[in-house]
There are 2 protein chains.
Amino acid sequence: MNAPAAAQMIRCSDCPIRHRAVCARCDSDELEQLEQIKYYRSFEAGQTIIWSGDRMEFVGSVVSGIASLTQTMEDGRTQMVGLLLPSDFVGRPGRDSAAYDVVATTDIMMCCFRRKPFEQLMAETPHVAHRLLEMTLDELDAAREWMLVLGRKTAREKIASLLGIIARRNSVMAPSEFRDGIVFDLPLTREAMADYLGLTLETVSRQISALKRDGVIRLQGKRHVTVPDMARLMDEAGDDGDGGFPL
Amino acid sequence: MNAPAAAQMIRCSDCPIRHRAVCARCDSDELEQLEQIKYYRSFEAGQTIIWSGDRMEFVGSVVSGIASLTQTMEDGRTQMVGLLLPSDFVGRPGRDSAAYDVVATTDIMMCCFRRKPFEQLMAETPHVAHRLLEMTLDELDAAREWMLVLGRKTAREKIASLLGIIARRNSVMAPSEFRDGIVFDLPLTREAMADYLGLTLETVSRQISALKRDGVIRLQGKRHVTVPDMARLMDEAGDDGDGGFPL
DNA sequence: CGGAACATTGAGCACATTCAACCGAGGTGG
DNA sequence: CCACCTCGGTTGAATGTGCTCAATGTTCCG
């Protein structure tokens, strides 16, 4: 609840997600308008940023860190329905109350816009709305890929798919060696992975151990992963060699 | 391949989906422009409308009938990732090749727009783009609801969820008696239901039989369903009484 | 040192799948 | 007209994947 000192002001032009977020297409004029209605908030890992059903006071972008979108049934069963990475957009313009819980998976910094002014701005300037459409279409594609994972893949394939996605994302940041070995840290606990994949945390643990035993991955500690042969991993994920996952 | 006589011209103002489709917000001017680039195509049940990977020549709206969006793995496992009802939009502006198979589930009529002119029009007029954003956000919500169904629900709950959605959709068309009994025809085969729910067709059949045995539903023939107590069905679906599914 | 949070592993079980037989309706051809 | 086929659907028996329950391990932090 106490806003840490981290919530210092960043000028939009210096923003690390300037070119990928909902503001990517804005000209300097529009950026100026956004600058007027934005504010930063940071959250610690584990904090709930938005409760499902709550009134949405703001929409915004993830600047740094990771958050998850989750749904929970009355008996406690939980399904993650979105993984929010830096530059991803949170909230739905035009909707009053939140449809999902948004939880900080790691410490996170958000760039928030008060909802009403943002909606106003969206109606007036085409660039924000257009970029949001583009991002929403991408998210829809990602959601549909996940429907295949959830509905039809085995536990082992699910884990391999998730590792593949995380590896792929990292490879955007370090596009150098992709073919022959890639290294990354898992940003999720076993439980969070289970919630993403529609598995139990025990099954996640077992399958990770199995992939390690079979030499598909190597582990240092519980989170640091080495994938010696990316093609092998994609094969385990059940994806055809070429295509695979967008996002 | 032979376009049946059904593909007669309909004036946009007389169109049955005029107020719900991507053109819903258009003024008469914009409608005129759409009228220029549209054409109708009909497909028979079972026909593939678009093959995944194919070049997208057109985007469009479902006018009547039902189509499904599916993904298939190399070994044949299939997951439906979208159910396209009248007024739903097909295709992604800005994308050259299709990401999914689009298959006609019933006989279907489509209102198609040549892609390039449509993209042009979208860039110039705000109403189409805005409506498309709205529809895409709705689809994303629906996809996320399905992720919960696919990832966390039991076979019985999955079937109940699907029946609930179809019942709900029908209730839009016949909003009269919703509380005490609703009747509808299943637009899907057992296999299509299985592909939607991430189950086998045998499991679908068994669970439908079980729901019938337990008095949750009644059946006449294989497709005609009566739900005597909607609240009971929603309960079987694992949804809390009030909320439930959007779309 | 003790406790908490995260993770691993084992044993038994249950639910959904697999494989297979069978049913009924509708269509076609001899 | 009936035999035959196909298609969609139902049902049964055996199997197996992933879940449940439970114990144990590891790391970190007060």
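The values are calculated or read from the model by the stated rules, or taken from the named source; none is laboratory data. Since the structure is predicted, the reported quantities are computational estimates derived from the model, not experimental observations. Every residue, glycine as well, gets a Cβ built from its backbone with ideal geometry; the counts of neighbours run over all protein chains shown. Surface areas here come from the heavy atoms of the whole protein model, side chains and all, with no ligands, DNA or RNA. Shrake-Rupley method; radii C 1.70, N 1.55, O 1.52, S 1.80 Å.
Inspect segment A:205-227 for any residue being surrounded by fewer than 20 Cβ atoms within 10 Å (Cβ to Cβ), within 16 Å of DNA strand D (Cβ to nearest atom), modelled with pLDDT under 95 and small (G, A, S) and give the result as yes or no. Scanning segment A:205-227, I find at least one residue that is surrounded by fewer than 20 Cβ atoms within 10 Å (Cβ to Cβ), within 16 Å of DNA strand D (Cβ to nearest atom), modelled with pLDDT under 95 and small (G, A, S), so the answer is yes. In the set B:E134, B:E191, B:E202, B:E157, only one residue is under 29 Å from A:E124 (Cβ atoms) and not hydrophobic (A, V, I, L, M, F, W, C); that residue is B:E134.
Every residue, every condition in (1) surrounded by 17 or more Cβ atoms within 10 Å (Cβ to Cβ); (2) touching a Ser or Thr at 6+ places or on another chain (Cβ under 6 Å); (3) among the small types (G, A, S); (4) within 30 Å of A:A237 (Cβ to Cβ), yes or no:
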residue	(1), (2), (3), (4)
B:A45	no, yes, yes, no
B:V62	yes, no, no, no
B:G82	yes, no, yes, yes
B:V90	yes, no, no, yes
B:S97	no, no, yes, yes
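Scanning segment A:151-166 for residues that are buried (at least 24 other Cβ atoms within 10 Å of the Cβ) and either facing another protein chain (nearest Cβ under 8 Å) or at positive phi (or both) yields a count of 1.
Can we say A:Q120 is among the polar types (S, T, N, Q), on the phi < 0 side of the Ramachandran plot and open to solvent by less than 20 Å² (accessible area, probe 1.4 Å)? Answer is no for this residue. The set of residues in segment A:46-71 that are more than 16 Å from DNA strand C (Cβ to nearest atom) and within 18 Å of the chain's Cα centre (by Cα) comprises A:I49, A:I50, A:W51, A:S52, A:V59, A:G60, A:S61, A:V62, A:V63, A:S64, A:L69, A:Q71.
Confirm whether B:A155 is within 26 Å of B:V225 (Cα to Cα) and away from DNA strand D (no atom under 16 Å from the Cβ). Quick ask: steps written out before the conclusion?
Working: within 26 Å of B:V225 (Cα to Cα): yes; away from DNA strand D (no atom under 16 Å from the Cβ): no.
So B:A155 does not fit the description; no.
Residues in segment A:139-150 that are facing chain B (nearest Cβ under 8 Å) and not acidic (D, E): A:L140, A:A143, A:R144, A:W146, A:M147, A:L148, A:L150.
Screening the candidates B:E44, B:E35 for the property of being away from chain A (no Cβ under 14 Å) and farther than 30 Å from B:E145 by Cα yields one hit, B:E35. Hey, among the residues in segment A:64-73 that are over 13 Å from A:S52 (Cα atoms) and assigned to a loop (DSSP other than H, G, I, E, B), which one's nearest to the other protein chains (Cβ to nearest Cβ)? Result: A:I66.
Applying the set (1) in contact (Cβ under 8 Å) with a residue 60 or more places away in the chain; (2) open to solvent by 40 Å² or more (accessible area, probe 1.4 Å) to B:C112 leaves exactly one unmet item: (2).
Can you give me the ranges of the strands (runs of 3 or more DSSP E) entirely in segment A:81-198 with at least 1 residues that are assigned by TED's automatic domain parsing to the domain that holds A:K38?
Details: elements: A:101-104, A:108-114, A:182-185.
Fully inside segment A:81-198 and qualifying: A:101-104, A:108-114.
Taking the listed residues A:R55, A:R77, the one that is more than 14 Å from chain B (Cβ to nearest Cβ) and at pLDDT 95 or above is A:R55, with no other qualifying. Just one of (1) assigned to a strand (DSSP E or B); (2) open to solvent by less than 40 Å² (accessible area, probe 1.4 Å); (3) away from chain B (no Cβ under 14 Å) fails for A:A24. It is (1). The set of residues in segment A:123-149 that are open to solvent by 10 Å² or more (accessible area, probe 1.4 Å) and within 16 Å of DNA strand C (Cβ to nearest atom) contains only A:L148.
Scanning segment B:190-227 for residues that are of a type in the set (A, V, I, L, M), more than 14 Å from every other protein chain (Cβ to nearest Cβ) and away from DNA strand C (no atom under 11 Å from the Cβ) yields B:I208, B:L211, B:V216, B:I217, B:L219, B:V225, B:V227. Number of residues in segment B:85-100 that are within 20 Å of B:G53 (Cα to Cα) and more than 12 Å from chain A (Cβ to nearest Cβ): the value is 2.
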